[in-house]
Amino acid sequence: MIINLSETNSLIGDWVSEIRDADIQTDRMRFRRNLERLGEVAAYEISKTLTYTDKEVQTPLGTANCRVLKQQPVLGTILRAGLTLHQGLQNYFDKADHAYISAYRKHNRDGTFEISLEYVSCPPLDDQVLIISDPMLATGASLVNTIVHLQTFGKPAHIHIVTAIACTIGIEYVQRNADANISIWTGDIDDELTAKGYIVPGLGDAGDLAFGPKLQQ
């Protein structure tokens, strides 16, 4: 299931326009906050798909029957770019366990790249709902490698991927190669991918825009 949050009129359109805007996105705090907002809206929308149970709550004047979340999801993010989206999800799923994955492109001199996974911290995932945040779904290679590795910690009942901008090519790659029950929630979808694996028009490097440029080694 693919959910493009920009297909219906909402404030998502404002926030996506600002994270794409080359002038506005230079304000790092505003850029991070807009990604955080996207994560919050995605969390709310995902919450509608989860399982709930009845709970009696004692108020100062009596007893109320409430519907509450039966089980918190596990929130996973790809370091470092995913941290702001992850924060938005955490603002809503504030009792969730967390997984952190260091997955990045290791570029070669000929212009090709490989996906390097160097750090993973993850709780048990058997029968859990897993939400993975990463701002840019470009080629899909990082996400597929991440999903495959996380499944060594258990088989999730469902995986939700939350991203700010997704590329059609990356979406199709994930659908073909990730052996899991997956939903993709994205702020918008672009069709073009450069030879170096960058989304066009995209928004640039989300990690650099949120946290500053990194030294290439």
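Amide H contacts of V74: V129, L130, I131, each under 5 Å away and 5 or more positions distant or on a separate chain (H built 1.01 Å from N in the peptide plane; Pro and chain starts excluded). Spin-label pair Y198-Q72: with each label point 7 Å from Cα along the Cα-Cβ axis, the two points sit 3.9 nm from one another. Counting 0.36 nm for each residue step from L50 to A22 and taking away their Cα separation leaves a gain of 6.4 nm. The fraction of accessible area contributed by carbon and sulfur in the chain is 49 percent, rounded to a whole number (1.4 Å probe; ligands and nucleic acids excluded). When you count the other C-beta atoms within 10 angstrom of each residue and take the mean per peptide, 147-160, 7-20, 54-67 line up highest first as 147-160, 7-20, 54-67. Tell me whether the stretch 1-86 comes out rounded, prolate or oblate; compute the Cα gyration tensor, take square roots of the eigenvalues as a ≥ b ≥ c, and use a/c under 1.5 as the rounded threshold. Here the stretch 1-86 falls in the prolate category.
The charge dipole of the stretch 141-208, taken about the Cα centre with unit charges on the Cβ atoms of Lys, Arg (+1) and Asp, Glu (-1), comes to about 360 debye, rounded to the nearest 20.
What the Cα atoms of the stretch 1-49 give is an Rg and a Dmax of 11.7, 37 Å. Peptides 94-101, 130-137, ordered by how many other C-beta atoms sit within 10 Å of their residues on average, highest first, read 130-137, 94-101.
Surface listing: Y52, Y198 arranged by accessible area from highest to lowest gives Y198, Y52, probe 1.4 Å.
Going by the alpha-carbon gyration tensor, a ≥ b ≥ c the square roots of its eigenvalues, is the stretch 12-156 rounded (a/c under 1.5) or, if a/c is not under 1.5, prolate (a/b greater than b/c) versus oblate?
Details: a/c = 3.05, a/b = 1.47, b/c = 2.07.
Judged from the Cα gyration tensor, the stretch 12-156 comes out oblate (a/c at least 1.5, b/c at or above a/b).
For T26, the accessible area of its heavy atoms, probed at 1.4 Å with every protein chain present, is near 100 square angstrom.
Y119 contributes about 120 Å² of solvent-accessible surface, heavy atoms of the protein only, 1.4 Å probe. Excluding same-chain neighbours fewer than eight residues apart, the lysines reachable from K95 by a Cα-Cα span under 20 Å are K48, K55, K70. The residues of the stretch 1-156 expose on average 55 square angstrom of accessible surface per residue, using a 1.4 Å probe on protein heavy atoms. Calculated accessible area for the stretch 176-217 comes out at 59 Å² per residue, all protein chains present (probe 1.4 Å; ligands, DNA, RNA ignored).
The values are calculated or read from the model by the stated rules, or taken from the named source; none is laboratory data. Everything numeric here is computed off the predicted structure, so don't read it as measured data. Note that we place each Cβ from the backbone using ideal geometry, even for glycine, and neighbour counts take in every protein chain shown. Side chains included, ligands, DNA and RNA excluded: accessible areas come from the protein's heavy atoms. Shrake-Rupley method; radii C 1.70, N 1.55, O 1.52, S 1.80 Å.
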